Amino acid sequence: MIKIIRNAEVYSPKHIGKRDVMCVGGTIGFIEDKIDLEASEYIEVIDAEGKLLLPGFIACHVHLLGGGGEGGFKTRTPEITLSDLISGGVTSVVGCLGTDGVTRSMESLVAKAYGLREESISAFVYTGSYRLPLATLTGSVQKDIMMIDPIIGVGEVALSDHRSSAPTIDEFARVSADARVGGILSGKAGVVNVHLGDGKEKMDYLHYMLRNTEIPASQFLPTHANRNRSLFNEAVKYAQDGGFIDFTTSTVPQFIEEGEVRASDAYKICIEKGVATTQITFSSDGQGSLPRFDDKGKLTGLDVGKVTSLYEAVRELIVNHGMAVDEAIKPITENPARLLKLNHKGGISVGMDADLVLIDPVDFKIQDVFAGGKRMMADSKIIEYGTFEGIE
Ligand code: ZN
C-alpha cells in the first residue's frame, strides 16, 4: 500500500521544510518537494498542509506487563494496551520488567513484544529485572541478546535503591560486559538500562565502570536521573563527562514538590550547562508504579506511569519553553534510536521505517500516527482494525 503525506513541515528531526513524503509499505520511499500522483485504489493521499510531520516516538523504558507490587499484590499495575501507545505517538517501545521478576517473567515480556509487533508496533525488550543475578530467558545474558530477536539489552537493573538486590560492583561489571559482548556479536546495542533510586550511592557504580573498565559510556543508559535534585546534579556531571542519561517523564505533583526535576526542565538545564543534546533521552516509565513512600520507607500511595507523558514533556519544551521543535524531539527520536541501535528508527529519511506522527501546528497535539506505514490514528481518533481477525 502506498501513502502520500502531502505538504507537511517535515522534521527529520532537522527541519527540512515543506515536503511530500511517500510511504511504500512499511518504508519511507520518497521525500520530494512535490510527488505528482493522484489518489487511487492503490494510493492514499493525506493532506497535511501546515501540519508538522515528526518521526514516530521511541519509548525506551516501558513496563509492558505492568509493574509495581511494592504495596502487596493489590498494587501490581496493569499491562499496557495498543491504544496507550498510539495515544502517545509511540511507534517503537522497549519493555522491561521491574521490581517484580517473580510474577512477571521474561517469557511473558517477550510474548507481549511479539503481540505488539503483530499490532504493527516495533517492540523490543531488556532482559532481566531489578535483580542481579539476572533472571534471563535462556540462562545466559549473551544468549538472550544474541538469539532472542526482541531482546536488545539488559535491565532495568536497580542501583542505589532500597528495592535493589544490593549487587556488588563485580556482579554489575560482569553483567555489563556480557551485555556488551552479546550486543557486539549480534549487531544489537547490548545496552544496560539502569534504574537509579534515591539511595546515597547515586551513580557511583557507573562512574566506576567508566574509570576502571573498558566498557564505554554508550553501554549504559541510567534512567530516573531527574528523580531528585542531588542525583540530577550528579547526572549533569556524568553527561558532561560523556555519559548518557535518561529523564523520566511520568510524574505526580507530590514528586515535583519533593524535589523531582521535571523532564522538560532537566533537558533545558542540561543544554544551559553545555551538555551535548546527544547525551539525553526521555522515557515514560509507562505502566510503572509511581510509589510514594514516607520518610520511614512506608508506602503511602501509588500512581501508574503514563506513556503519553513522553510527548507531553516534549510539548512542554515547545509550548512553554519556546524550544525549537527539532531540538525538543531529539530525546524521544534520534537519540534513543542511536543509543539502542534501532537503525531504521528515530528519523525521517528514505529507507527508514514509515513510523510517523502528524502534529497540529497550533496546539502541538498529536493528530495522526503511522506505525510501519499503517495508519493507527486519524484526526486524533484511534483506528480500530479488529485485532481478532482470523480467530474462528
Ligand atoms: Zn525504574
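The values are calculated or read from the model by the stated rules, or taken from the named source; none is laboratory data. Here the structure is a predicted model, which means the values were calculated and not measured. Note that we place each Cβ from the backbone using ideal geometry, even for glycine, and neighbour counts take in every protein chain shown. Calculation scope for accessible area: heavy atoms of the full protein, side chains included, ligands and nucleic acids excluded. Shrake-Rupley method; radii C 1.70, N 1.55, O 1.52, S 1.80 Å.
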Query - CD proxy at 222 nm, helix term only [per DSSP H run n ≥ 4: -39500 (n - 2.57); per residue of the chain; nearest 500] - result: -7500 deg cm²/dmol
Report task. Let me know the whole percent of all Cα-Cα pairs from the range 200-324 that are separated by more than 22 Å. Result -> 37 percent
Query raised in the report: Under a straight-distance cross-link criterion of Cα-Cα below 16 Å, which lysines are reachable from Lys273, leaving out those fewer than 8 residues away in the same chain?
Result: Lys237
Report summary line: Longest principal axis of the chain (C-alpha) makes with the long axis of helix 169-186 (C-alpha) an angle, in degrees to the nearest 10, of 30 degrees
Query raised in the report: Which of Tyr385, Gly286, Gly347 sits closest to the plus end of the dipole of the chain, meaning its Cα is farthest towards the positive end, when Lys and Arg get +1 and Asp and Glu get -1 on the C-beta?
Result: Gly286
Query raised in the report: Accessible area per residue, 1.4 Å probe, Å², for the range 57-339: what's the number?
Result: 37 Å²
**Report entry** Estimated vicinal HN-Hα couplings, Hz - the range 288-299 in sequence order (Karplus 6.51, -1.76, 1.60; Gly, Pro = x)
**Finding:** x, 7, 10, x, 9, 10, 7, 5, 9, x, 8, 5
Query - Where chymotrypsin sites (Phe, Trp or Tyr not before Pro) in DSSP loops with at most 10 other Cβ within 10 Å are excluded, longest remaining stretch of the chain - result: 43-387
Query raised in the report: Assigning unit charges at the beta carbon (Lys, Arg +1; Asp, Glu -1) and nothing else, what dipole magnitude in debye, to the nearest 20, does the range 323-364 show about its Cα centre?
Result: 320 debye
Report summary line: The pairs in Lys306/Lys341; Lys143/Lys298; Lys74/Lys374; Lys268/Lys345 lying past 30 Å Cα-Cα in this model are Lys143/Lys298; Lys74/Lys374
**Report entry** Per-residue HN-Hα couplings for the range 44-54 [Karplus 6.51, -1.76, 1.60; θ = phi - 60°; Hz; x = Gly/Pro]
**Finding:** 9, 10, 10, 7, 10, 3, x, 7, 9, 10, 10
Query - For the range 1-62: span of alpha carbons on each principal axis (Å, largest first) - result: 40, 24, 16
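Quick one: ranking His63, His15, His344 by accessible area, 1.4 Å probe, largest first, what do you get?
Result, largest first: His344, His15, His63.
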Query raised in the report: In whole percent, how big is the carbon plus sulfur part of the accessible area of the chain, probe 1.4 Å, protein atoms only?
Result: 51 percent
Query raised in the report: Among Ser309, Thr127, Val369, whose Cα lies farthest out toward the positive end of the dipole of the chain, if unit charges sit on the beta carbon of Lys, Arg (+1) and Asp, Glu (-1)?
Result: Thr127
Query raised in the report: Computed FRET efficiency, Cβ-Cβ of His207 and Ser40, R0 56 Å: what is it to the nearest 0.05?
Result: 0.40
Report summary line: Once the dipole of the chain is set up from charges on Cβ (+1 Lys and Arg, -1 Asp and Glu), the residue from the list Met1, Gly67, Leu206 lying farthest towards its positive end is Leu206
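Suppose the chain between Phe73 and Ser380 were pulled fully straight at 0.36 nm per residue; how much longer would it get relative to their current alpha carbon spacing?
Net length gain for the segment: 107.0 nm.
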Query raised in the report: Regarding the range 57-339, what whole-number volume in Å³ per residue does the convex hull of its Cα atoms give?
Result: 116 Å³
Requested in this report: Between Ala354, Ala48, Ala235, find the one with the highest GNM mean-square fluctuation for the chain; connect C-alpha pairs within less than 10 Å.
Outcome: Ala48
**Report entry** Unit charges on C-beta of K, R, D, E only; dipole of the range 144-232, Debye
**Finding:** 300 debye
Query raised in the report: Nearest 20 debye, what's the magnitude of the dipole of the chain about its Cα centre given +1 on Lys and Arg Cβ and -1 on Asp and Glu Cβ?
Result: 900 debye
Requested in this report: Provide the solvent-accessible area of Asp84, counting protein heavy atoms only and rolling a 1.4 Å probe, rounded to the nearest 10 Å².
Outcome: 50 Å²
Requested in this report: Specify the angular offset, from 0 to 90 degrees and rounded to the nearest 10, of the alpha carbon long axis of helix 309-319 from the longest principal axis of the alpha carbons in the chain.
Outcome: 70 degrees
Query raised in the report: For the range 1-115, what is Rg from Cα atoms divided by 2.2 N^0.38 Å, rounded to two decimals?
Result: 1.46
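What percent do you get for the relative contact order of the chain when only Cα pairs under 8 Å and 6+ apart count?
Dividing the mean separation by the residue count of the chain yields 20 percent.
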